[in-house]
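S.K.: Please find one structure pasted underneath; my questions will follow.
Values quoted throughout were computed directly from the atomic coordinates according to the rules given, and no laboratory measurement underlies them. The model shown is predicted, which means the values in this text are computed figures rather than measured ones. Here Cβ is always computed from backbone atoms with ideal geometry, including for glycine, and neighbour counts include all displayed protein chains.
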Amino acid sequence: MPETAIAEAPAKAGTGEKILQVRNLEAWYGESHILHGINFDVNAGEVVTLLGRNGAGKTTTLKSIMGIIGKRTGSVQFNSQDIIRATSDKIARMGIAFCPEERGIFSSLDVRENLLLPPVVRAGGLPLEQIFDLFPNLKERLNSQGTKLSGGEQQMLAIARILRTGASFLMLDEPTEGLAPVIIQQIGHTIARLKKEGFTILLVEQNFRFASTVADRYYVVEHGKIIDGFSNSELAANMDKLHTYLGV
Amino acid sequence: MQALYAQLLVGLINGSFYALLSLGLAVIFGMLNIINFAHGALYMMGAFVAYFLLSLGGINYWWALLIAPIVVGVFGMILERTMLQWLTGLDHLYGLLLTFGIALIVQGVFQNYFGSSGLPYAIPDQLKGGMNLGFMFLPIYRGWVVVFSLVVCIATWFLIEKTRLGANLRAATENPTLVRAFGINVPRMITLTYGLGVGLAALAGVLSAPINQVRPLMGADLIIVVFAVVVIGGMGSIMGSILTGFALGVIEGLTKYFYPEASNTVVFVLMVLVLLVKPTGLTGRAA
């Protein structure tokens, strides 16, 4: 499928309004050229998943959108504003929140401090009561050191803290990595509920079985490019291709 | 016995300066990862600002306690913005060399204009005289220095360990990239932190002026001992710096009483022992 066709694929879900448009995004780590012209869109209210093997460039794509990759070119439009040259703190204040793969829980902060760390950037964030309703474990462990939580609880904390900020566009990098099936299921329920609340989510996953339970659309990343894209209803028809892409 | 108490008091006063200076160094090292060798020179600048305020503007000690840390803190922030920020991500050695160079330049400029001898700075009227405690005579100004330093140290510790702003600082020490991606302006926070650390040094300089006079090399004499204090307490540890500062001042004072020949070296002997037993310092954590 040609890249331009992928970029302009209409959404099956959401309002149809393009909230994020990525065009010819290239990124470098030092001398290493990682992204070679990424093109895709995300529509308001939908969950879009980037699939791909290790090292394909999925995480780098999220980091480039968030402005935490030193050298990047191309165009990233968020709510029709180009953010390719903006610093990460400005991008966050425009309403994009990032949950990193390594979770980024701070060891010198307790759970409450970790939860309250990201500033509220705009109205509309979830109040703490609603966050504790989503993640009841966190309420019981507010005074524990952040890194003393289990892997699943740390992942919940990492998602929970960006929900307060008022950001409407969430980027979740491999939220299920290394977690037990029961926790993965809980994360899946949470993502589905967030979607219902009106959040737009860009998800990076290697576990496409999990992704298929929450995503509206998929893009496949390989060697720093989007090589394919389809909606959830087209998933069954694309399974063979997907197995080849992901090597599963 | 009177002599012992007198040495204890001297130890507590020196400990106050050690604590304030090592606290500033710990804050700066924690946030900027820079070993700030310019700290002694900035301490000296604090004393000189107080001296200029009094001799040129007739502005008294109490205002100097407020103005000098602000003036020197702003000078520090300019240093950070124009020079130190470019060292982000480089080896510690670069920061050490740059700040050492800054210290030499600042001290050289002041020495050129004011020579090496001390300029007098009078104790404020409200803090003149002393109190007879029964077992010793306590000069009021010295008691004030100990109590005020302790209050400032505890307030700084509270700010960093118990407030939302402090949580931002601690988080940025661990992972500045992620903290910035949450919407916090980390470069501005780094600049303000450097200003805070430098302001603490200047405050110590003002407190020191009536006791030690105002001299261009007053910081150079002190800074090596302060670095030993920071190493013993643990680089980057706030409470470690405060406790070690006061404790080492007292130990130094007691050594002056029991074995004066070792009083100038006892801190360094302790540093060697601590490095042998616990290289991260008494309260420091392994990287």
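S.K.: In whole Å, how far is the Cα centre of the range B:163-236 from that of the range A:194-242?
M.R.: With the range B:163-236 and the range A:194-242 each reduced to a Cα centre, they are spaced 48 Å.
S.K.: Could you pull out every one of the lysines with an alpha carbon less than 26 Å from that of A:Lys90, ignoring same-chain neighbours closer than 8 positions?
M.R.: Excluding near neighbours in sequence, the set is A:Lys18, A:Lys58, A:Lys63, A:Lys71, A:Lys195.
S.K.: Averaged across B:164-172, how many Cβ atoms of other chains sit within 10 Å of each residue's Cβ atom?
M.R.: That works out to 5 on average.
S.K.: Right, next: Just to verify a number: FRET efficiency for B:Val74 and A:Thr147, C-beta to C-beta distance, R0 = 41 Å, to 0.05?
M.R.: Calculated value: 0.65.
S.K.: In whole percent, what relative contact order does chain A give with Cα contacts below 8 Å and a gap of six or more residues?
M.R.: Relative contact order, chain A: 27 percent.
S.K.: I've got another one for you. Which value, in debye to the nearest 20, gives the size of the charge dipole of the range A:3-246 about its Cα centre, when Lys and Arg are +1 and Asp and Glu are -1 at the Cβ? Display every interim value, and only then the final one.
M.R.: On the way: 26 positive and 27 negative charges, 85 e Å.
Taking the Cα centre of the range A:3-246 as origin, the dipole is about 400 debye.
S.K.: What are the membrane-span-like helices in chain B by this rule: whole DSSP H runs, Cα extent along the axis at least 27 Å, mean Kyte-Doolittle hydropathy at least 0.0? Please report the intermediate quantities before stating the final value.
M.R.: On the way: long enough: B:2-32 (44 Å, 1.61); B:61-82 (31 Å, 1.44); B:92-114 (33 Å, 1.23); B:140-162 (32 Å, 1.53); B:186-212 (38 Å, 1.24); B:238-258 (30 Å, 1.23).
The answer, listed by residue number, is B:2-32, B:61-82, B:92-114, B:140-162, B:186-212, B:238-258.
S.K.: Among A:Met94, A:Met66, A:Val221, which residue has its Cα furthest toward the positive end of the charge dipole of the range A:3-246, with +1 on Lys/Arg Cβ and -1 on Asp/Glu Cβ?
M.R.: Positive-end residue among those listed: A:Met94.
S.K.: Here's something else I'd like to know. Any chance you could check the Cα centroid distance between the range B:58-86 and the range A:116-187 for me, in angstrom?
M.R.: Each part's Cα centre sits 41 Å from the other's.
S.K.: Taking R0 as 25 Å, what's the FRET efficiency between B:Phe268 and B:His92 from their Cβ-Cβ distance, rounded to 0.05?
M.R.: 0.75
S.K.: With both partners inside the protein assembly as shown, how many of the DSSP beta bridges are antiparallel, as a percent to the nearest 5?
M.R.: Roughly 60 percent of the DSSP beta bridges within the protein assembly as shown come out antiparallel.
S.K.: Something else now. Under 8 Å for C-alpha pairs, at least 6 residues apart: give me the relative contact order for chain B, rounded to a whole percent.
M.R.: 40 percent
S.K.: Rounded if a/c is under 1.5, else prolate if a/b beats b/c, else oblate: with a ≥ b ≥ c from the C-alpha gyration tensor eigenvalues square-rooted, which is the range A:14-107? Let's see the in-between values first.
M.R.: Working: a/c = 1.31, a/b = 1.19, b/c = 1.10.
Note, shape of the range A:14-107 comes out rounded.
S.K.: Another one. Looking at chain A, send over the antiparallel percent of its DSSP beta bridges, to the nearest 5.
M.R.: Looking only at bridges with both residues in chain A, the antiparallel portion is about 60 percent.
S.K.: Decide, for the range B:1-75, between rounded, prolate and oblate: order the square roots of the alpha carbon gyration tensor eigenvalues as a ≥ b ≥ c, take rounded if a/c falls under 1.5, and otherwise choose prolate if a/b is larger than b/c, else oblate.
M.R.: Cα axes put the range B:1-75 in the oblate bin.
S.K.: Rounded, prolate or oblate for the range B:93-240? Axes are the square roots of the Cα gyration tensor eigenvalues, ordered a ≥ b ≥ c, and the cut-off for rounded is a/c under 1.5.
M.R.: Because a/c hits 1.5 or more and a/b fails to exceed b/c, the range B:93-240 counts as oblate.
S.K.: Report, as an integer, the average count of C-beta atoms from other chains found within 10 Å of each Cβ along A:79-89. Mind dumping the intermediate values first?
M.R.: Values: counts 0, 0, 0, 0, 0, 0, 0, 0, 5, 9, 10.
The per-residue average across the peptide is 2.
S.K.: Would you work out which of B:Ser16, B:His92, B:Gln213 lies farthest towards the positive end of the dipole of the protein assembly as shown, given +1 charges on the beta-carbon of Lys and Arg and -1 on that of Asp and Glu, about the Cα centre?
M.R.: Of the options given, the answer is B:Gln213.
S.K.: Then there's this: Can you compute the label reach from B:Phe100? Point 7 Å from Cα along the Cβ direction, backbone N cut-off under 18 Å, restricted to the range B:77-92.
M.R.: Output list for this probe position: B:84, B:87, B:90-92.
S.K.: A further question follows. Helix A:151-163 versus the longest principal axis of chain A: what is the Cα-based angle in degrees, 0 to 90, to the nearest 10?
M.R.: 80 degrees
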